[in-house]
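So the structure is just underneath, and the comments pick up after that.
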Amino acid sequence: MLPFSGTFLDEITHDIPSQNWGAKEWDREFELYARIGIRDLIIIRSGYQNKCIFPAHSIPDLLPVYEDLGRLFLDLAEQHGLKIWFGTYDSGRYWWRRTYWKEIELNLAFVDEIVRRYGDSPAFGGWYLTHETSKNDAHIIELFNAIGKHCRAAKDVPILISPYPQGSKQFGPGDTMSLAESFDHWERIYDATQGSFDICAFQDGQIQYQELPEFHAGIKSLCDRYGISVWSNVESFDRDMPIKFPPADWRYLRLKMEAASKVAERLITFEFPHFMSPNSCYPAAHNLFRRYAEHFQLEA
């Protein structure tokens, strides 16, 4: 079973609570990552709606930004030998209203601003295309092509996406898609977006555990056909509970990691700081880290 080599960082805190960490707490967290083999830190969205991790001029109606987390993360990553991947901008509005050209326009300016501010940092390791989807909808092909290719032209580092299957753990009976339907949608997306991203790390929490082997095998086959590297985003939070979102049960996290390790080059997770860190605001995350550390014989 592969260990985690990367984690998302959710510092816009879209649907999980802020931990109110400052430089000291992030330094402690990044030191942990260097010690346990997590080297790629993916900012899941650098900007969302009117929020941003730095004082961006390209985001309209921006709320006050009191600390430049982009610079803090890059400096700490360089200090600890890690890499930061910058997530792009999600308006939370335009692409869902099918006004995809406005979403693209905002992102092109945002990407250029990121490169002007941070492009010379040796810790700038990649891009993450923030727009997550389960199917060929909401002009995702136009978004991936325009934003991904602009990212590559602005700073040529690897580009990652992390979509999700439209499974029964997240969608109702009328909206759930079979795995065959998902594969059909993603073959069309991959075919139409060649060159716009390099790596695909599907989320794994929306489908039932029994579906994981068939799902991973199908995605691996598609990615191989289109020259896309296969990672897996093994969610470390629990979708089985009636609340959003507690840390995962180690038994089922291990099951998912074992399934993904059969096909994926690497495992990453959403999201170590909240759901697996010994520094997390959740006590259950401390215990989950102990179980993970025991399995991989890490210093807990």
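No value in this document is a laboratory result; all are computed from the given coordinates. What you are looking at is a predicted structure, and each value in this text was computed from that prediction instead of being measured. Here the Cβ positions follow ideal geometry from the backbone for every residue, glycine too, while neighbour counts run over all protein chains shown.
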TODO: Kindly identify region 1-57 as rounded, prolate or oblate by the Cα gyration tensor criterion: order the square roots of the eigenvalues as a ≥ b ≥ c, call it rounded if a/c is under 1.5, otherwise compare a/b with b/c, prolate if a/b is larger, else oblate.
DONE: prolate
Task: Three-way shape call for region 134-228 based on the alpha-carbon gyration tensor, with the a/c threshold at 1.5 - done: prolate
Open item on the list: Below 8 Å between Cα atoms, with a sequence gap of 6+, how large is the relative contact order for the chain in percent?
Closed with: 17
Task: Gain upon complete extension [Asp27, Tyr226; 0.36 nm per residue less C-alpha separation] - done: 67.8 nm
Task: Computed E for Met241/Ala293 - FRET, C-beta separation, R0 25 angstrom, nearest 0.05 - done: 0.60
- [ ] Go ahead and set up a Gaussian network model of the chain, Cα springs under 10 Å, then flag whichever of Trp231, Trp186, Trp101 fluctuates most.
- [x] Trp101
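If you scale each eigenvalue of the Cα gyration tensor by 5 and take the root, what three semi-axes come out for the chain, rounded to whole angstrom and sorted largest first?
Value: 26, 26, 18 Å, ordered largest first.
Quick check: net charge around Asp204, other residues with Cβ under 14 Å of its Cβ, Lys/Arg +1 and Asp/Glu -1?
Values: positive: Lys169, Lys220, Arg239, Arg254, Lys256, Lys262, Arg266; negative: Glu132, Glu211, Glu214, Glu235, Asp238, Asp240, Glu258, Glu271.
Residues near Asp204 contribute -1 overall.
Using unit Cβ charges (K, R positive; D, E negative) and no other charged atoms, how large, in debye to the nearest 20, is the dipole of region 4-296 about its Cα centre?
Values: 31 positive and 41 negative charges, 32 e Å.
Computed charge dipole of region 4-296: roughly 160 debye.
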TODO: Report the residue, chosen from Pro122, Pro283, Pro64, that carries the largest GNM mean-square fluctuation when the chain is represented by alpha-carbon nodes joined by springs under 10 Å.
DONE: Pro64
Open item on the list: 7 Å from Cα along Cα→Cβ at both Lys262 and Trp96: what's the point-to-point distance in nm?
Closed with: 3.6
Open item on the list: What are the ³J(HN,Hα) couplings of region 50-55, residue after residue, when phi is run through the Karplus curve with 6.51, -1.76, 1.60 and θ = phi - 60°? Round to Hz, x for glycine and proline.
Closed with: 10, 10, 7, 7, 9, x
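Normalised by the number of residues in region 155-300, what is the relative contact order in percent for Cα pairs under 8 Å and 6+ residues apart? Each step should come with its number before you reach the end.
Working: 227 pairs, mean separation 29.2, N = 146.
Normalised by residue count, the contact order of region 155-300 is 20 percent.
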